[in-house]
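The values are calculated or read from the model by the stated rules, or taken from the named source; none is laboratory data. It should be emphasised that the depicted structure is a prediction, and the values quoted were computed from it without experimental measurement. FYI the Cβ positions are ideal-geometry reconstructions off the backbone, even for glycines, and counts take in every protein chain you see. Just so you know, the surface numbers come from the protein's heavy atoms only, side chains and all, with ligands and any DNA or RNA stripped out. Shrake-Rupley method; radii C 1.70, N 1.55, O 1.52, S 1.80 Å.
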Amino acid sequence: MSQSLAHTMKLVVSLLVVLLGVFASFSLSAHGVDEDTKQFLILNEGVSILPFIYIGAKHMVTGYDHLLFLVGVIFFLFRSKDVLLYVSLFTLGHSITLLFGVLSDIQINAYLIDAIIGFSIVYKGFDNLGGFKRIFGFQPNTKLAVMIFGLFHGFGLATKIQEFNLPQEGLVPNILAFNVGVEIGQFLALGVVLILMSFWRRHRSYLQFSTAANTLLMSAGMMLVGFQLTGYFTG
């Protein structure tokens with residue numbers, strides 16, 4: 001291994017360690033909802049379209065678990081129409097369960113649903129590595145998997161909102177606004193990710209490090225699963 005390759009690998013590993021440390025602090029603190037947002041959600045009454053759009057966008061931009069899954073989804077997608085298709089399937093999935101979960105008052109333990117979201121990251125990294133074909137001899141339907149995991153990600157979003165017992169007055173427009181904000185945040189965050197990945201893809205290191213990158217993605221997912229399960233059994 002050349003010195004430059006080894007140096008790059010060291011930087012990637014170091015970055016992951018830092019990011020996982022940040023992820024851990026977020027995971028163990030009110031499921032990533034900051035104090036100002038908590039106070040607004042608790043005290044808010046009536047229709048507040050713009051604030052809920054902002055909260056939805058901010059949650060997705062800072063939602064490292066959702067973004068890690070999307071990174072795994074688009075990692076080997078090189079055509080714009082494929083990226084659009086898979087992201088649309090994910091969007092459809094989480095929009096359905098976000099709205100259905102909140103409006104139907106479906107309660108799911110936050111730690112368990114976040115553990116499943118962490119598992120979705122593990123799944124996508126494993127899928128990108130060709131693990132299913134090599135170990136199990138078959139390839140699951142990737143589009144269906146993205147859609148199904150999108151449903152779980154939506155329940156994760158719904159669970160966070162439900163923790164604040166929002167009043168029924170203005171609930172429907174507020175949740176619709178929150179969902180719009182989520183899509184805006186996803187678009188912005190994904191745009192940045194795609195720009196960075198487009199630069200990286202111009203270099204041979206992209207494919208050289210594809211195995212390492214997806215292995216690290218799986219490791220991040222497993223750590224998130226561990227954090228959430230620890231919270232579930234000790235909380």
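Of note:
- Test: residue in the range 89-98 that is modelled with pLDDT of 95 or more, over 13 Å from the mean Cα position of the chain (by Cα) and either of a type outside the set (A, V, I, L, M, F, W, C) or over 20 Å from residue 183 (Cα atoms) (or both): yes
- Helices (runs of 4 or more DSSP H) completely within the range 125-235 that count 3 or more residues being open to solvent by 50 Å² or more (accessible area, probe 1.4 Å) and either modelled with pLDDT of 95 or more or not hydrophobic (A, V, I, L, M, F, W, C) (or both): 142-162, 171-200, 210-234
- Of the candidates 136, 90, the single residue that is among the aromatic types (Phe, Trp, Tyr) and without any contact (Cβ under 8 Å) to a residue 12 or more places away in the chain is 136.
- First in the range 212-235 and free of Cβ contacts under 8 Å to residues at least 24 places away in the same chain and not assigned by the TED database to the domain that holds residue 121, second anywhere and of a type in the set (S, T, N, Q) and open to solvent by less than 30 Å² (accessible area, probe 1.4 Å), Cβ under 9 Å, 6 or more apart: none
- If only residues of the range 179-235 that are among the β-branched types (Val, Ile, Thr) and out of contact with any Gly (no Cβ under 9 Å at 6 or more places or on another chain) are counted, the one that is farthest from residue 109 (Cα to Cα) is 195.
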